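The values are calculated or read from the model by the stated rules, or taken from the named source; none is laboratory data. Please read all numbers here as calculations on a predicted model, not as lab measurements. A quick note on method: Cβ atoms are made from the backbone with ideal geometry, for glycine too, and the neighbour counts reach across all protein chains shown.
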Amino acid sequence: MFQIKRNSMICPLANFEEIFQDDNGAVYQCSRKNCYWLEFQGSTTAFKVRDFFAFKKRIDSIDVANMLNDSSRSSDFEIIMPFRTDSIFILSVEDILKLKDILAGSKFMIQLNSEIKACLHYSAVLAN
C-alpha cells in the first residue's frame, strides 16, 4: 500500500527493510544509513535510531484524554517538530492514536528481531 519515494530520500541507493506496516503508515529500516523511515500522512521522515525512539517517547507522552476533555481550540491538535528533521506533524487525536499504533508495532518488531537474533546466536554457540 505504501511505497517510499526513492527520489525524495537522502540516500537513494539505500537498502530498506520493512519493520512494520498497517493501513495508516509504515516504518522502514535503512541498513546503509542506519536509520528509520516513518511514512505517515502522505509524507516520509527519516530518523536516526536514537531520534526515532525519542520521537516515539514524545508521541507516547501526549495526554489524549486531556485533549478530549479540554474544550479549548488549542487542544484540538498537537504540533510536533521532531529533532533533526525537516518535518512538522500537526496531529488530531485520531492521528495521534494512529501514530501511536504504528510506533508501538515498530518497536515491538524491532525488539522481537533482537530477541530472535539473540536466540539464534545462543543456539549457534551451544551447537559448537
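Give me the residue from region 1-50 that is of a type in the set (Ser, Thr, Tyr) and at pLDDT below 85 and, out of that set, nearest to Ser87 (Cα to Cα). Don't jump to the end; show me each part of the working.
Within region 1-50, the first condition is being of a type in the set (Ser, Thr, Tyr), and the residues that meet it are 8, 28, 31, 36, 43-45.
Narrowing the set further to residues that are at pLDDT below 85 leaves 8, 31.
Working: Ser8: 13, Ser31: 22 Å.
For region 1-50, the residue satisfying everything is Ser8.
Testing Asp101 on (1) over 15 Å from Ile19 (Cα atoms); (2) in contact with an Asp or Glu (Cβ under 9 Å, 6 or more places away or on another chain); (3) modelled with pLDDT of 95 or more; (4) charged (D, E, K, R), one condition comes back false. Which one is that? (1) is the only condition that Asp101 fails.
Name every residue in region 47-90 that is out of contact with any Lys or Arg (no Cβ under 9 Å at 6 or more places or on another chain), surrounded by 13 or more Cβ atoms within 10 Å (Cβ to Cβ) and part of a strand (DSSP E or B), in order of residue number. Result: Glu78, Phe89. Sort out which residues of region 91-128 are surrounded by 13 or more Cβ atoms within 10 Å (Cβ to Cβ) and of a type in the set (A, V, I, L, M, F, W, C), and write them in order of number. Across region 91-128, the qualifying residues are Leu91, Val93, Ile96, Leu97, Leu99, Ile102, Leu103, Ala104, Met109, Ile110.
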